[in-house]
Amino acid sequence: YLLPDQFPLVAARWVLGSVFVLFIPGYVTVEALFPKSRDLDGIERVALSVGLSLALVPLIGLLLNYTPWGIRLTPIVISLSSFTVGVALVAFARQYRTSVERAQSDALVQQQQ
């Protein structure tokens with residue numbers, strides 16, 4: 001979004017934009033849905049991340065179509081960024097909660113021994 005359209009930097013813009021659209025929204029959603037690391041393997045997380053991104057990004061675009069801002073670059077960047085940050089905060093909270101629960105259960109097991 002911030003990189004100029006000149007030739008050497010346009011390739012970096014394409015790569016970073018593709019990762020931002022095709023992977024990151026799905027990844028934070030998968031992390032929010034499955035906070036425990038043992039729930040899914042790495043390849044399953046990657047596959048679900050791409051699949052969820054391919055499902056969520058068009059839905060966000062569809063919602064933007066019915067707003068006064070429409071489908072333009074700036075509203076798309078803002079909406080995808082806010083969705084990603086919001087779901088990432090949910091994922092962080094859920095992972096924190098599961099780590100606290102795991103620490104408490106480990107402490108109970110040590111007390112029983």
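The table below lists the values:
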read-out	value
Residue under evaluation residue 61, criteria (1) of a type in the set (Gly, Ala, Ser); (2) in contact (Cβ under 8 Å) with a residue 12 or more places away in the chain; (3) open to solvent by 90 Å² or more (accessible area, probe 1.4 Å), criterion not met	(3)
Residue 53 vs. criteria small (Gly, Ala, Ser), in a helix (DSSP H, G or I) and open to solvent by 50 Å² or more (accessible area, probe 1.4 Å)	no
Residue selected from the stretch 64-79 under the condition assigned to a helix (DSSP H, G or I) and touching a Leu at 6+ places or on another chain (Cβ under 8 Å), by the criterion most open to solvent (accessible area, probe 1.4 Å)	76
Those residues of the stretch 28-48 which are in a helix (DSSP H, G or I) and surrounded by fewer than 12 Cβ atoms within 10 Å (Cβ to Cβ), in sequence order	42, 43
Subset of the stretch 1-27 [out of contact with any Leu (no Cβ under 6 Å at 6 or more places or on another chain) and not in a helix (DSSP H, G or I)]	1, 2, 4, 5, 6, 23
Which numbered condition residue 25 misses (of (1) surrounded by 17 or more Cβ atoms within 10 Å (Cβ to Cβ); (2) at pLDDT below 95)	(2)
Cβ pairs under 9 Å, 6+ apart, first in the stretch 1-21 and farther than 19 Å from residue 52 by Cα and in contact (Cβ under 8 Å) with a residue 60 or more places away in the chain, second of a type outside the set (A, V, I, L, M, F, W, C) and surrounded by fewer than 10 Cβ atoms within 10 Å (Cβ to Cβ)	1/74
Qualifying positions in the stretch 80-113 - β-branched (Val, Ile, Thr) and either surrounded by 11 or more Cβ atoms within 10 Å (Cβ to Cβ) or closer than 22 Å to residue 19 by Cβ (or both)	84, 85, 87, 90, 98
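The values are calculated or read from the model by the stated rules, or taken from the named source; none is laboratory data. On a predicted model such as this, the values are computed, not experimentally measured, just so you know. When we count neighbours, we look across all protein chains shown, and the Cβ atoms used for this are built from the backbone with ideal geometry, even at glycine. Surface areas here come from the heavy atoms of the whole protein model, side chains and all, with no ligands, DNA or RNA. Shrake-Rupley method; radii C 1.70, N 1.55, O 1.52, S 1.80 Å.
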